[in-house]
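Worksheet: the structure to be examined is printed underneath.
Just so it is clear, none of the values below were taken in a lab; they were calculated from the coordinates. Everything numeric in this text was worked out from a predicted model, so none of it was measured. All Cβ positions, glycine included, derive from the backbone under ideal geometry; neighbour counts span all protein chains shown.
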Amino acid sequence: MHYRELGRTGWKVSEISFGAWAIGSAWGEVDDKESLAALHRAIDLGVNFIDTADVYGMGRSERLVARLRKERRETIYVTTKAGRRLNPHTAEGYNKANLTEFIDDSLKNLETDCIDLLQLHCPPPILLYRPEFFALMDDFVRAGKIRYYGVSVEIVEEALKAIEFPGVQTIQIIFNMFRHRPAELFFPEAKRRRVGILARVPLASGLLTGRMNRHTTFPRDDHRNFNRHGEAFDRGETFSGVDYEIGLEAVEILRTLVPPGATLAQLALRWILMFDAVTCAIPGAKRVAQVEDNCHASELPPLSEAQMAKVREVYDSRIRELVHQRW
Ligand SMILES: NC(=O)c1ccc[n+]([C@@H]2O[C@H](COP(=O)([O-])OP(=O)(O)OC[C@H]3O[C@@H](n4cnc5c(N)ncnc54)[C@H](OP(=O)(O)O)[C@@H]3O)[C@@H](O)[C@H]2O)c1
């Protein structure tokens, strides 16, 4: 496992980290024993950074991560998120009283007295135009409840706006072989400001592992079933916003680029790591075998210029029109 500096935090985090949404909720049935085994395997393989949120199973994911931390001696940085318990989800809801409650609940679930990194969970964009809100976040840091904070965003423009606030240490954004636009304007600017980048949905919800086909079915409580068209939350979070059948066709071409002995999931993750502005990819995983597959991406040699060009060609010819100007 290789490590990268996370913005200005002074932390060196594993370039393949762990996304803990699926072990909480919205990805079909999960077994806590299996999830915990997957988390442990990740730590065995050098992962030292975990992304979770209060809403992933309403504390279930956070509590599993707390258990993991108790069972391990290694330093494990944990980032959680706040905001999505608001209903309705409005900028006004991001006030001192609500944030205090969300933070206190996460502190309890994570069994800690300070959150390493708190991310605002895709807040309404108007919040990014309220400096008084970011002053409030600075107060939480001063009070010692959170060490650092960052913002998880849906679109590139939100990322560019959020990093104008000097307290913002990280941006989490969708970036993968089916989502290229963050690399254009945002990456150079984030690098210039030394803001860490967490690349989420790196496997396009599993599509980029090449393990799915036309006949694959998903359980009722899996967002790949119930959110394909954005029925429950932003469409971009499911298969990266790409139509499933079109995605499958593109995957067949990408499959030809996989080096001998490697997997498509590893190629997809290694492609992300080719961008040095990215701090880490945070693939979700529910099982030990998935963690092993994903972590080995860090050991793959850099992709060749020809491989990079082919990925770009597949994106330009099949995917760009569907996603490029949307997010
Ligand atoms: N708004 C936000 O802030 C936000 C939104 C989305 C995600 N996130 C974060 O980003 C993380 C990653 O995104 P994601 O989980 O949505 O998508 P992802 O990482 O692209 O896909 C994860 C899913 O792909 C499958 N998978 C993973 N590794 C595999 C492998 N090696 N071989 C075969 N299948 C594999 C697993 O599902 P199956 O086994 O069921 O196929 C897994 O749950 C999340 O866990 C979460 O921490 C944050």
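The helix-only estimate of mean residue ellipticity at 222 nm for the chain, built from DSSP H runs of length n ≥ 4 each weighted as -39500 (n - 2.57), is -10000 deg cm²/dmol after division by the residue total. Remark: the range 291-300, residue by residue, has Karplus-estimated 3J(HN,Hα) of 4, 4, 4, 5, 5, 5, 4, 5, 8, 5 Hz, where x stands for each Gly or Pro and the curve is 6.51 cos²θ - 1.76 cosθ + 1.60 at θ = phi - 60°.
Does anyone have the angle between helix 244-254 and the longest principal axis of the chain? Alpha-carbon axes, 0 to 90°, nearest 10? Its long axis makes an angle of about 60 degrees. Near Gly57, the amide H atoms lying under 5 Å from its own belong to Ser25; only residues 5 or more places off or on other chains count, and H is placed 1.01 Å from N.
Of Gly210, Gly261, Gly59, which has the largest mean-square fluctuation in a 10 Å C-alpha GNM of the chain? The residue that fluctuates most here is Gly261. Converting phi to 3J(HN,Hα) with the Karplus coefficients 6.51, -1.76 and 1.60 and the offset θ = phi - 60°, the range 36-46 yields 5, 5, 5, 4, 4, 5, 4, 5, 3, 8, x Hz in sequence order, with x at every glycine or proline.
Computed from Cα atoms, the angle from the helix 305-314 axis to the main principal axis of the chain rounds to 80 degrees. Taking every alpha-carbon pair under 8 Å whose residues sit at least 6 apart, the range 125-259 reaches a relative contact order of 18 percent. Across the range 107-113, computed HN-Hα scalar couplings (Karplus, 6.51 cos²θ - 1.76 cosθ + 1.60, θ = phi - 60°) run 4, 5, 4, 7, 6, 9, 10 Hz from first to last residue, x flagging Gly and Pro. Take the chain and mark each of the GluC sites (Glu not before Pro) that is in a DSSP loop with at most 13 other Cβ atoms within 10 Å; the longest unmarked stretch, sites excluded, is 232-327. At what distance in angstrom do the alpha carbon centres of the range 264-327 and the range 89-167 lie from each other? For the range 264-327 versus the range 89-167, the Cα centre distance is 28 Å.
Here the spin labels are modelled as points 7 Å beyond Cα on the Cα-Cβ line, and at Asp44 and Arg193 they lie 4.0 nm apart. For the chain, the number of Lys pairs separated by eight or more positions or lying on different chains, with C-alpha atoms closer than 19 Å, is 12.
Taking H placed 1.01 Å from N in the peptide plane, check which residues at least 5 places from Tyr149 or on another chain put their amide H under 5 Å from its amide H. The list, which skips near neighbours in sequence, is Leu118, Gln169. Using only Cα atoms, tell me the angle between helix 131-142 and the longest principal axis of the chain; keep it within 0 to 90° and round to the nearest 10. That helix lies at roughly 80 degrees to the long axis.
Under a no-solvent Debye model with one identical scatterer per Cα of the range 1-99, what's log10 I(q)/I(0) at q = 0.13, 0.15, 0.23 Å⁻¹? Scattering profile of the range 1-99, log10 relative to I(0): -0.52, -0.67, -1.16.
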